[in-house]
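Presented below is the structure to which this report refers.
The values are calculated or read from the model by the stated rules, or taken from the named source; none is laboratory data. Only a predicted model underlies this, so the values are computations on that prediction, with no experimental measurement involved. Note: ideal-geometry Cβ built from the backbone for every residue, glycine included; neighbour counts use all protein chains shown.
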Amino acid sequence: MKSVLTFTLLCIASASLLALANVHTNSYIQQNIEKQELARLEGLVDELDRELLCEQGIELFEVERRGYGGEMYVVVAIQDGSVLGVRVVRHSETPGFDEVLSPDDWIGRFAVEELEGIDAVTRATVTTSAVLLAVEDAMRLYESGLGECIETP
Amino acid sequence: MYRDALIDGLWRRNVASVQLLGLCPLLAVSYNVRNALGLSIASSFVLIGSSLTISSVRKFIPDNVRLPCFVLVIATLTTVATMYMQAFAYDLYVQVALFVQIIVTNCMILGHIESIASKKTVSESLFSAIGTALGFSAALLVLGTIRQYLELAIPLAAHPAGAFLVVGLALATLNTVSEQITKKIPALRKT
């Protein structure tokens, strides 16, 4: 009985400490994550301005796909029906295995190669397949005209 | 007593060079000084904080649930350290996140709590924890410095394989010179 009581009290104390720390740090953490997400979009398009992008006929799609370590948020830029570039803005893939997602690695190939020529990568099969599926999703969205640049009559 | 605790932690019973504990984060993070410093601060915070907590409530912890209690305290403090790092040192966090999170399973900390903090007075375990933390930080910083500058000449030094080589050579050197050092300064002799 005594051990249950002690452990419960210790749990309550820990939970309160964690809650306090969470309240104190949460807004800073969210800011940092948003900053990082924006930084990860760098190099995808020249300017992250919606009207400017629409003028150039570029559509951005954010697609969610399940990777190895959880949800991945993939941003796909499509211009005139072909993929301009792909970035993963948020993911929880295993450190070290996520290097395929850095713009000068595998994911950078979307900017220069035909979609059909890009295959998943062994050693990061789940991660890269998820990105490929996300790009397919984005293409489907583009083809069904669900982009942001819908012309108003 | 305090002098002894500090010498123990830094030299005679140094977790890294003598007890060879906590080698996973030591090897993985020490490829530059910045990461080494980040992990030192986080580990020291968790080690000293959990030692203080456990030693001050040690009389209330029943023997049969002591390990869950220890792990609970360590995990809580590690999560707090992770949160603050994520909030105020995000660049560093991205680099060392995994190794800060696995401080929970660092046998250096659990071992220290099991053998010292749960048995001795608060001040004794505090000084022992400070000594241990300083010893671990010193090892991390020395390795971080060596590897960061050795990389300029030998790129392998910053890679995982280089970590094993550098640690091995550093330990060998330390063992060779420690005999000479203890001859000159008897207080450092291992008992």
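Condition check: surrounded by 21 or more Cβ atoms within 10 Å (Cβ to Cβ) and away from every other protein chain (no Cβ under 13 Å). Does B:Asn14 satisfy that? Yes.
Taken over the range B:58-72, the criterion of being within 7 Å of chain A (Cβ to nearest Cβ) and either of a type in the set (Val, Ile, Thr) or within 23 Å of B:Ser123 (Cα to Cα) (or both) is satisfied by B:Phe60, B:Ile61, B:Pro62, B:Val65, B:Cys69, B:Leu72. Within the range A:1-12, the residues that satisfy the criterion of being part of a helix (DSSP H, G or I) and either more than 7 Å from chain B (Cβ to nearest Cβ) or not β-branched (Val, Ile, Thr) (or both) are A:Lys2, A:Ser3, A:Val4, A:Leu5, A:Phe7, A:Thr8, A:Leu9, A:Leu10, A:Cys11, A:Ile12.
A single member of A:Gly69, A:Gly43, A:Gly96 is touching a residue at least 12 places away in the same chain (Cβ under 8 Å) and within 14 Å of chain B (Cβ to nearest Cβ), and it is A:Gly69.
Exactly one residue out of A:Gln31, A:Gln56, A:Gln36 is at the interface with chain B (Cβ under 9 Å from one of its Cβ atoms) and within 21 Å of A:Ala77 (Cα to Cα), and it is A:Gln36.
Could you tell me whether the range A:19-36 includes any residue that is among the polar types (S, T, N, Q), at pLDDT 85 or above, part of a helix (DSSP H, G or I) and exposed (fewer than 11 other Cβ atoms within 10 Å of the Cβ)?
Just the residues of the range A:19-36 that are among the polar types (S, T, N, Q), to begin with: A:22, A:25-27, A:30-32, A:36.
Next, from what is left, pick out any that are at pLDDT 85 or above: A:22, A:25-27, A:30-32, A:36.
From what is left, the residues that are part of a helix (DSSP H, G or I) are A:22, A:25-27, A:30-32, A:36.
From the residues that got through so far, the ones that are exposed (fewer than 11 other Cβ atoms within 10 Å of the Cβ) too are A:27.
Looking through the range A:19-36, at least one residue is among the polar types (S, T, N, Q), at pLDDT 85 or above, part of a helix (DSSP H, G or I) and exposed (fewer than 11 other Cβ atoms within 10 Å of the Cβ).
Does A:Ala15 satisfy the condition of being more than 22 Å from the chain's Cα centre (by Cα), within 14 Å of chain B (Cβ to nearest Cβ), modelled with pLDDT of 90 or more and buried (at least 16 other Cβ atoms within 10 Å of the Cβ)? Against the criterion (more than 22 Å from the chain's Cα centre (by Cα), within 14 Å of chain B (Cβ to nearest Cβ), modelled with pLDDT of 90 or more and buried (at least 16 other Cβ atoms within 10 Å of the Cβ)), A:Ala15 does not qualify. Just for the range B:20-35: of the residues that are more than 11 Å from the chain's Cα centre (by Cα) and in a loop (DSSP other than H, G, I, E, B), which one is nearest to B:Asn175 (Cα to Cα)? Applying the filter and picking the extreme gives B:Ser30.
I'm checking my understanding of the structure. Among residues of the range B:106-126 that are within 14 Å of the chain's Cα centre (by Cα) and in a helix (DSSP H, G or I), which one is nearest to the other protein chains (Cβ to nearest Cβ)? Result: B:Ile113.
May I ask you to verify whether B:Val46 is touching a Leu at 6+ places or on another chain (Cβ under 7 Å), at pLDDT 90 or above, part of a helix (DSSP H, G or I) and closer than 21 Å to A:Ser16 by Cα? Spelling it out, B:Val46 is indeed touching a Leu at 6+ places or on another chain (Cβ under 7 Å), at pLDDT 90 or above, part of a helix (DSSP H, G or I) and closer than 21 Å to A:Ser16 by Cα. Would you call B:Leu150 under 20 Å from the mean Cα position of the chain (by Cα) and part of a helix (DSSP H, G or I)? No, not satisfied.
With respect to B:Ser178, determine if the residue is under 15 Å from the mean Cα position of the chain (by Cα), surrounded by 14 or more Cβ atoms within 10 Å (Cβ to Cβ) and farther than 30 Å from B:Phe60 by Cβ. Answer is no for this residue.
The residue list B:Val94, B:Val46, B:Val80, B:Val100 contains one member that is hydrophobic (A, V, I, L, M, F, W, C), surrounded by 19 or more Cβ atoms within 10 Å (Cβ to Cβ) and free of Cβ contacts under 8 Å to residues at least 24 places away in the same chain, which is B:Val80.
The residues of the range A:65-111 that are touching a strand residue (DSSP E or B) at 6+ places or on another chain (Cβ under 7 Å) and among the hydroxyl-bearing types (Ser, Thr, Tyr) amount to a single one, A:Tyr73. Is it the case that some residue within the range B:89-105 is under 29 Å from B:Asn175 (Cβ atoms), more than 12 Å from every other protein chain (Cβ to nearest Cβ) and of a type outside the set (Lys, Arg)? Checked the range B:89-105: at least one residue is under 29 Å from B:Asn175 (Cβ atoms), more than 12 Å from every other protein chain (Cβ to nearest Cβ) and of a type outside the set (Lys, Arg).
Residues in the range A:71-116 that are within 15 Å of the chain's Cα centre (by Cα), under 25 Å from A:Leu146 (Cβ atoms) and part of a loop (DSSP other than H, G, I, E, B): 1 in all.
Taking the listed residues A:Glu59, A:Glu64, the one that is touching a Phe, Trp or Tyr at 6+ places or on another chain (Cβ under 7 Å), closer than 26 Å to A:Ile29 by Cβ and in a strand (DSSP E or B) is A:Glu64, with no other qualifying.
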